[in-house]
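K.L.:
Pasting a structure below so you can have a look.
The values are calculated or read from the model by the stated rules, or taken from the named source; none is laboratory data. As the structure is a computational prediction, the values presented were derived from the model and not from experiment. We place every Cβ from the backbone using ideal geometry, glycine too, and count neighbours over all the protein chains shown. What goes into the accessible areas is simple: the full protein's heavy atoms, side chains included, and nothing from ligands, DNA or RNA. Shrake-Rupley method; radii C 1.70, N 1.55, O 1.52, S 1.80 Å.
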2 protein chains.
Amino acid sequence: MNIQRLTDELSIRRQLADGTEQQLQAVKEIIQAVRTEGDAALYRFSKKWDKAELTALKVTQEEIQQAAERFDPQLLADLTEAADNIRSYHEGQQQQGYRQDRADGSYVAQRVTAIESAGLYVPGGTAAYPSSVLMNVIPAQVAGVGRIVVVSPPDSEGNLSDGVLVAAHILGIEELYKTGGAQAIAALAYGTESIQPVDKITGPGNIFVALAKREVNGDVAIDMIAGPSEIAIIADDSAYADEVAADLLSQAEHDPLASAVLLTESRELAEQVAAQVESQLKNLPREAIAAASIRDHGAIYVANNRTDLIKAANQLAPEHLEIMTEDAEAMAQEIDHAGAIFIGRYSSEPVGDYFAGTNHVLPTNSTARFSSALSVYDFVKRTSIVHYSEQAWRENQEKIARLARLEGLEAHARAVESRAWKKGSQS
Amino acid sequence: MNIQRLTDELSIRRQLADGTEQQLQAVKEIIQAVRTEGDAALYRFSKKWDKAELTALKVTQEEIQQAAERFDPQLLADLTEAADNIRSYHEGQQQQGYRQDRADGSYVAQRVTAIESAGLYVPGGTAAYPSSVLMNVIPAQVAGVGRIVVVSPPDSEGNLSDGVLVAAHILGIEELYKTGGAQAIAALAYGTESIQPVDKITGPGNIFVALAKREVNGDVAIDMIAGPSEIAIIADDSAYADEVAADLLSQAEHDPLASAVLLTESRELAEQVAAQVESQLKNLPREAIAAASIRDHGAIYVANNRTDLIKAANQLAPEHLEIMTEDAEAMAQEIDHAGAIFIGRYSSEPVGDYFAGTNHVLPTNSTARFSSALSVYDFVKRTSIVHYSEQAWRENQEKIARLARLEGLEAHARAVESRAWKKGSQS
């Protein structure tokens, strides 16, 4: 692993994959086909891409029940406990409305309500992630979303993985469909005979899914378009090199484009970690992926001082930031930009991926400067409420009319004044 | 104004203007020019589009001060009072973080911090809107954004309108630049010699501004892309037709594409309002705009019953909804989807545009189903925090490793297990 001196020129801001013109064109055609042909297009694309001859799109409660029965009971318990932790953390995000009453009888208020329906995309195939089901569905459930739909591509037998089915079982999902790719996003956005459209689509996916989400954005809401995973670790001599290396590799194994960066003042730790990464890489099942990620997007930076470390971390604004230093808790206070911060030796990043309760859908590509983890806030909307009393109107109407005329909007001024055009009143 | 019976086929969902391929190409070229040439491009485009020969981009505090001194003191007082009301309403949106401690010494937390910098676009030319300055800047200030930048195109004399300068004066804006159009958005996103880049761009603009915001989205955050303004009014026989008509026209005068819709059970009111709209239109300064809006996007629907009225309003999910009925407050409770609700006779919509305190940047095009008014929440980000104690790790590490292996992510499992690979511990 490459060791460099940290300089002011640190520039590791990453670019989000845009997709090729050809991919975008393909996605547009798929969306159009689903809008025109409905279910028929979903069956056709499933045959083409998933190699599956489906007889129905909707997963039956029986399929879900059977998966739960044959599932390892220990893993079922683990997933259930994880779901409980995630629910408990997200309950801290429940938002209340408020109302401000004024002495003149007027009030302004904000009402918070859940969106009516949400659709969650779950990748399928070799990488089936039950944890993604938990991380996307639970915030929507805590928000109070009435209708939650999960879509995921089937294997060539026409089945979803037991892990995904069991996660759906734990969460009580009633609508789960076997469809993936851009066609699944189109179905969620515009509906088909089998799938009613939803108001918001969340969840990770490949480039076709990402492009499709961008295409339908505006007609429905979408969550962020996540880029490849990232970890930055700040560590000092109190950290164990093998643990730092293991944590770097846990991100690197995700994707050849994933990024793993160590920031340290210790040249000795830097060298030990570099050696540990090389040796631990060797017997990883996903060695090729992790090795490519480390080679192309991995780096160890040795800084002159603590200030530079903090500055670099804030400049990176990484998706995940681990702090393994003697003053980890104090240092965390100085981090302005990170999707999630993991404090101390025992807070290895996978703790947050699966179990601690925080959301693992996090801003990448330095967007932690202005974006946040997926949350309950993503599944609510707020309505402003204005009530003016007769008194409030009488005392303020001239001011409002003047402000409207200042902007050249005469009809605005007259609308407010119209209440004075006649005798009589109505409360 | 066209009167129709309300049927189930009510479909008034509107399309957002996408811009032509030519406009998009022009915007891309402008953005590229600003990225390459910096300030020089801003001067050049200002000469081309604003017909202004600028000598400096930044507005001096002296210019702002002079505008405040020559401004009508009554209007200055009105704007100041409006700003106070807006600030007071938005203070209700201040978000606190939270922390959940567990008995095993671990905790999970959410920290809320302001984004570092925000840029606000204010349209210029004939339509200078000081209220837009208030509505965009105040939520950012309440959030605690450190650096707030306002950009607006100059007139051909190279000046901004006094209204905009005075709004900046009231809010204590230090960075105000004379630049508009797509080039201003590019400058905010990528920076020039004079303008440091920002993390988030908000504010309304023409099609070039909207396209530019979409182009830079991801590199920086943007607020929603707002479509033409909309009002729906639910009214019964207790409402005055002239007031209903005046309120419809106050939206119609914004834009030929603006939409004004009345929903009522009363055929009599429908006919009176239609007549009033015709007669009030005649002496409006913006008669041509309002007439086109009413003709092309205005409608009066007569419903069979109250249930259908509510259903239609929710289907529309309008930007602004006024309720002028005897049971206005109760009816408001049944509205699930609207950007803002104005309850009762004295709550004419311009009350909210200028003065009541709620934000006038609201979701259009039925996106109130899943979007909300511009708010303090748009100027903060949330960082998740995970701290696992040695005990928490010991009690949960096997579960976490099992969940990682269920997803085929061996390096994740090993990262968590690595803490057990050696003797000794560190807290």
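K.L.:
If I go through the stretch B:226-244 residue by residue, how many of them are farther than 19 Å from B:Ile341 by Cβ and in contact with a strand residue (DSSP E or B) (Cβ under 9 Å, 6 or more places away or on another chain)?
P.N.:
4
K.L.:
Taking the stretch B:378-388, which residues are open to solvent by 20 Å² or more (accessible area, probe 1.4 Å) and at the interface with chain A (Cβ under 7 Å from one of its Cβ atoms)?
P.N.:
Residues satisfying the conditions are B:Arg382, B:His387.
K.L.:
Please indicate, with yes or no, whether at least one residue in the stretch B:74-94 is more than 14 Å from every other protein chain (Cβ to nearest Cβ) and modelled with pLDDT of 95 or more. Walk me through it before giving the result.
P.N.:
Of all residues in the stretch B:74-94, those more than 14 Å from every other protein chain (Cβ to nearest Cβ) come to none.
Within the stretch B:74-94 (the criterion being more than 14 Å from every other protein chain (Cβ to nearest Cβ) and modelled with pLDDT of 95 or more), the answer is no, since none of the residues qualifies.
K.L.:
OK, next. Could you list all residues from the stretch A:21-44 that are under 24 Å from A:Glu157 (Cβ atoms) and within 26 Å of the chain's Cα centre (by Cα)?
P.N.:
Once the filter is applied, which keeps residues that are under 24 Å from A:Glu157 (Cβ atoms) and within 26 Å of the chain's Cα centre (by Cα), the stretch A:21-44 yields A:Ile30, A:Val34, A:Leu42.
K.L.:
Do the conditions hold for B:Ile289, that is, is it among the β-branched types (Val, Ile, Thr), open to solvent by less than 20 Å² (accessible area, probe 1.4 Å) and either within 11 Å of chain A (Cβ to nearest Cβ) or touching a residue at least 12 places away in the same chain (Cβ under 8 Å) (or both)? Lay out the reasoning, then the answer.
P.N.:
Values: among the β-branched types (Val, Ile, Thr): yes; open to solvent by less than 20 Å² (accessible area, probe 1.4 Å): no; either within 11 Å of chain A (Cβ to nearest Cβ) or touching a residue at least 12 places away in the same chain (Cβ under 8 Å) (or both): yes.
In short, no.
K.L.:
Take A:Ser366 and decide whether it is surrounded by fewer than 24 Cβ atoms within 10 Å (Cβ to Cβ) and assigned by TED's automatic domain parsing to the domain that holds A:Pro318. Walk me through how you get there before you give the answer.
P.N.:
Values: surrounded by fewer than 24 Cβ atoms within 10 Å (Cβ to Cβ): yes; assigned by TED's automatic domain parsing to the domain that holds A:Pro318: yes.
So A:Ser366 fits the description; yes.
K.L.:
Given A:Gly38, A:Gly92, which one is of a type in the set (Gly, Ala, Ser) and under 22 Å from A:Leu374 (Cβ atoms)? Talk me through it step by step, then tell me what you get.
P.N.:
Values: A:Gly38 fails: under 22 Å from A:Leu374 (Cβ atoms).
One residue alone meets the criteria, A:Gly92.
K.L.:
(1) touching a Gly at 6+ places or on another chain (Cβ under 7 Å); (2) β-branched (Val, Ile, Thr); (3) closer than 25 Å to A:Ser366 by Cα: which one isn't true of B:Ile207, the others all being true?
P.N.:
With (1) touching a Gly at 6+ places or on another chain (Cβ under 7 Å); (2) β-branched (Val, Ile, Thr); (3) closer than 25 Å to A:Ser366 by Cα applied to B:Ile207, the lone miss is (3).
K.L.:
Also: Would you confirm, using the coordinates I've provided, whether B:Gly19 is open to solvent by 20 Å² or more (accessible area, probe 1.4 Å) and over 20 Å from B:Asn206 (Cβ atoms)?
P.N.:
On the way: open to solvent by 20 Å² or more (accessible area, probe 1.4 Å): yes; over 20 Å from B:Asn206 (Cβ atoms): no.
Considered against the rule, which asks whether it is open to solvent by 20 Å² or more (accessible area, probe 1.4 Å) and over 20 Å from B:Asn206 (Cβ atoms), B:Gly19 comes out as no.
K.L.:
Would you confirm whether any residue within the stretch B:213-234 is part of a strand (DSSP E or B) and of a type in the set (Gly, Ala, Ser)? Give the derivation first.
P.N.:
Our first condition is that a residue be part of a strand (DSSP E or B); within the stretch B:213-234, this holds for B:217, B:220-222, B:230-234.
If we keep only those that are of a type in the set (Gly, Ala, Ser) too, we end up with B:221, B:232.
Yes, the stretch B:213-234 contains at least one residue that is part of a strand (DSSP E or B) and of a type in the set (Gly, Ala, Ser).
K.L.:
Then there is this: I need a count of the residues in the stretch A:36-57 that are in contact (Cβ under 8 Å) with a residue 24 or more places away in the chain, surrounded by 15 or more Cβ atoms within 10 Å (Cβ to Cβ) and under 19 Å from A:Glu175 (Cα atoms).
P.N.:
Selection size over the stretch A:36-57: 6.
K.L.:
Something else now. For the stretch A:43-63, what are the residues that are over 14 Å from A:Leu176 (Cα atoms) and not in a loop (DSSP other than H, G, I, E, B)?
P.N.:
A:Tyr43, A:Arg44, A:Phe45, A:Ser46, A:Lys47, A:Lys48, A:Trp49, A:Asp50
K.L.:
With respect to A:Arg405, determine if the residue is farther than 30 Å from A:Arg99 by Cβ, touching a helix residue (DSSP H, G or I) at 6+ places or on another chain (Cβ under 7 Å) and among the basic types (Lys, Arg).
P.N.:
Working: farther than 30 Å from A:Arg99 by Cβ: yes; touching a helix residue (DSSP H, G or I) at 6+ places or on another chain (Cβ under 7 Å): yes; among the basic types (Lys, Arg): yes.
Taking the combined requirement at face value, the residue satisfies it.
K.L.:
Something else now. For the stretch A:415-427, give me the residue count where each residue is without any contact (Cβ under 8 Å) to a residue 12 or more places away in the chain and either open to solvent by 40 Å² or more (accessible area, probe 1.4 Å) or more than 7 Å from chain B (Cβ to nearest Cβ) (or both). Write out each step before concluding.
P.N.:
Applying the first criterion (without any contact (Cβ under 8 Å) to a residue 12 or more places away in the chain) to the stretch A:415-427 yields A:415, A:418, A:421-424, A:426.
If we keep only those that are either open to solvent by 40 Å² or more (accessible area, probe 1.4 Å) or more than 7 Å from chain B (Cβ to nearest Cβ) (or both) as well, we get A:421-424.
Residues meeting the conditions: 4.
K.L.:
Right, next: Out of the residues in the stretch A:58-71 meeting the condition of being surrounded by 13 or more Cβ atoms within 10 Å (Cβ to Cβ) and among the charged types (D, E, K, R), tell me which one is nearest to the other protein chains (Cβ to nearest Cβ). Working first, answer last.
P.N.:
So the first thing to find is which residues in the stretch A:58-71 are surrounded by 13 or more Cβ atoms within 10 Å (Cβ to Cβ), and the list is A:58-59, A:61, A:63-64, A:66-68, A:71.
Still in the list and also among the charged types (D, E, K, R): A:58, A:63.
Working: A:Lys58: 24, A:Glu63: 19 Å.
Applying the filter and picking the extreme gives A:Glu63.
K.L.:
Can I ask one more? In the stretch B:73-99, which residues are of a type in the set (Gly, Ala, Ser) and open to solvent by less than 10 Å² (accessible area, probe 1.4 Å)? Explain how you work it out, then say what you get.
P.N.:
As a first pass, look at the stretch B:73-99 and keep what is of a type in the set (Gly, Ala, Ser): B:77, B:82-83, B:88, B:92, B:97.
Once the filter is applied, which keeps residues that are of a type in the set (Gly, Ala, Ser) and open to solvent by less than 10 Å² (accessible area, probe 1.4 Å), the stretch B:73-99 yields B:Ala82, B:Ala83.
K.L.:
Kindly list, by first and then second residue, each pair from a residue in the stretch A:318-330 that is open to solvent by 10 Å² or more (accessible area, probe 1.4 Å) to a residue that is of a type in the set (S, T, N, Q), limited to pairs with Cβ atoms under 8 Å and residues at least 6 apart or on different chains.
P.N.:
A:Glu319/A:Ser229; A:Glu319/A:Thr364; A:Thr325/A:Ser238; A:Glu326/A:Ser238
K.L.:
Please determine, by comparing only the residues of the stretch A:245-280 that are at the interface with chain B (Cβ under 9 Å from one of its Cβ atoms), of a type outside the set (D, E, K, R) and not in a loop (DSSP other than H, G, I, E, B), which one is surrounded by the fewest Cβ atoms within 10 Å (Cβ to Cβ).
P.N.:
Start the filter on the stretch A:245-280 by keeping residues that are at the interface with chain B (Cβ under 9 Å from one of its Cβ atoms), which leaves A:245-254, A:280.
Narrowing the set further to residues that are of a type outside the set (D, E, K, R) leaves A:245-246, A:248-252, A:254, A:280.
After this cut, where a residue has to be not in a loop (DSSP other than H, G, I, E, B) as well, the list is A:245-246, A:248-252, A:280.
Working: A:Ala245: 28, A:Ala246: 26, A:Leu248: 32, A:Leu249: 29, A:Ser250: 30, A:Gln251: 33, A:Ala252: 30, A:Gln280: 20.
Result: A:Gln280.
K.L.:
Here's something else I'd like to know. Considering the stretch B:100-116 alone, what residues qualify as being in a loop (DSSP other than H, G, I, E, B), open to solvent by less than 40 Å² (accessible area, probe 1.4 Å) and within 9 Å of chain A (Cβ to nearest Cβ)?
P.N.:
Listed by number, the residues that qualify are B:Ser106, B:Ile115.
K.L.:
Give the number of residues within the stretch A:359-374 that are facing another protein chain (nearest Cβ under 7 Å) and part of a loop (DSSP other than H, G, I, E, B).
P.N.:
Here the count works out to 5.
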